[in-house]
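The values are calculated or read from the model by the stated rules, or taken from the named source; none is laboratory data. Just so you know, these numbers come straight off a predicted model, no measurement behind them. For neighbour counting, all protein chains shown are included, and Cβ atoms are generated from backbone atoms with ideal geometry for every residue, glycine included.
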Amino acid sequence: MKINGNNKYLLDKLIRLKKERNAVILAHYYQDPIIQDVADFLGDSLALAQEAKKTNADVILFCGVHFMAETAKILNPEKIVLIPDLEAGCSLADSAPPDKFRLWVDAHPDHIVISYINCSAAVKAMSDIICTSSNAVKIVESVPAEQKICFAPDKYLGAYIIKKTGRDMVLWDGTCQVHEHFSEMELINLLNKYPDSFVLAHPECPDNILQYADFIGSTSSIIKEASKRKENRLIIATEPGIIHQLEKVAPGKEFISLPGLNGCACNICPYMKLNTLEKMISALENLEPEIILPEDIRIKALKPLERMLELS
Ligand code: 13P
Ligand code: SF4
């Protein structure tokens, strides 16, 4: 990542403030490269939750989206958890408003509720187990075969798990606005042009994309798999922010980011990209925006999260 004069000034200021506040910067792979490079820890949702649980810092500056920062707060009530931009949401989390989710849960009293971590604390509080893209199959398989399951909020991840495990699950009708818009046509064109390429996809993609994937996994596992591949050309069906790390772990390879439908820029997560160095500095200076949770919700949400961490 090239550092210009203005960035250098901002980075120096950020690092000084981080020290003063005894803060740690956790960041997701979809953040801008400059944020990834200044972070103390980078990871997928599971690794970020695990790291948040064990940090000794007084302040967690979470460069990701709201549900990720909220997860850090659920696990660390005594710490100050900051997010550079409170508007950094997630279409999956937004697809499951707590009042509607309550009705859905109540309509399935004999089902266990497994929720993808991309949901609000209120939804977590109504769930029995949380999962992420890196442990979803394992978590579902840990549930006895005769136990009925409701899975929320990502219907495509849910469909992928059903295919992998053979388990029947009732699915919530939610999607990620980034992963649902990858273009199958573009993927076919790329595969015709580069038949020797290798396709890596995130399980939030619909099946019409996943059917072409040679590897399906979380952002961390996509990076790990790419670092081991012999192929020189890799097609990436997830948010292109990940390419910054891919180029680090597998230099010299060509990474092709799968475009969205009709050439739109919808393969870029607009929420993740709201975070900037300026907003990170402001968050550390002012200790806000801070994630605040009602304690009753936090305690209820902690249970299914801890269940996931024990099973991971
Ligand atoms: P990962 O946990 O695989 O990083 O996924 C998070 C996410 O929001 C993907 O869109
Ligand atoms: Fe949510 Fe999709 Fe953005 Fe991930 S990429 S944070 S699932 S909107």
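A few remarks follow.
- Lone unmet requirement of (1) crowded, with 17+ Cβ neighbours inside 10 Å; (2) within 21 Å of PRO206 (Cβ to Cβ); (3) free of Cβ contacts under 8 Å to residues at least 40 places away in the same chain for VAL143: (2)
- Considered as a group, the residues in the stretch 1-16 that are more than 13 Å from GLU285 (Cβ to Cβ) and either acidic (Asp, Glu) or touching a helix residue (DSSP H, G or I) at 6+ places or on another chain (Cβ under 8 Å) (or both) include one that is modelled with the lowest pLDDT, and that residue is MET1.
- In the stretch 1-100, counting only strands (runs of 3 or more DSSP E) that sit wholly within it, the ones holding 1 or more residues that are more than 16 Å from the chain's Cα centre (by Cα) and buried (at least 18 other Cβ atoms within 10 Å of the Cβ) span 23-28, 59-63, 80-82.
- When ILE256, ILE268, ILE223, ILE236 are checked against the criterion of being over 23 Å from SER45 (Cβ atoms) and either within 16 Å of ligand 2 (Cβ to nearest atom) or not in a loop (DSSP other than H, G, I, E, B) (or both), a single residue qualifies: ILE256.
Per-residue answers, yes or no, for (1) among the charged types (D, E, K, R); (2) within 16 Å of ligand 1 (Cβ to nearest atom); (3) touching a residue at least 60 places away in the same chain (Cβ under 8 Å):
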site	(1), (2), (3)
ASP94	yes, yes, no
TRP104	no, no, yes
PRO109	no, no, no
ILE112	no, no, no
ILE117	no, yes, yes
SER134	no, yes, yes
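- All positions within the stretch 173-194 that are under 23 Å from ALA121 (Cα atoms) and away from ligand 1 (no atom under 16 Å from the Cβ): ASP173
- Screening LEU246 with (1) under 17 Å from the mean Cα position of the chain (by Cα); (2) crowded, with 17+ Cβ neighbours inside 10 Å; (3) within 16 Å of ligand 2 (Cβ to nearest atom); (4) modelled with pLDDT of 95 or more gives one miss only, at (3).
- Every condition in (1) within 30 Å of HIS108 (Cα to Cα); (2) more than 16 Å from ligand 2 (Cβ to nearest atom); (3) outside any loop (DSSP other than H, G, I, E, B); (4) of a type outside the set (Ser, Thr, Tyr) holds for ARG167 except the one numbered (3).
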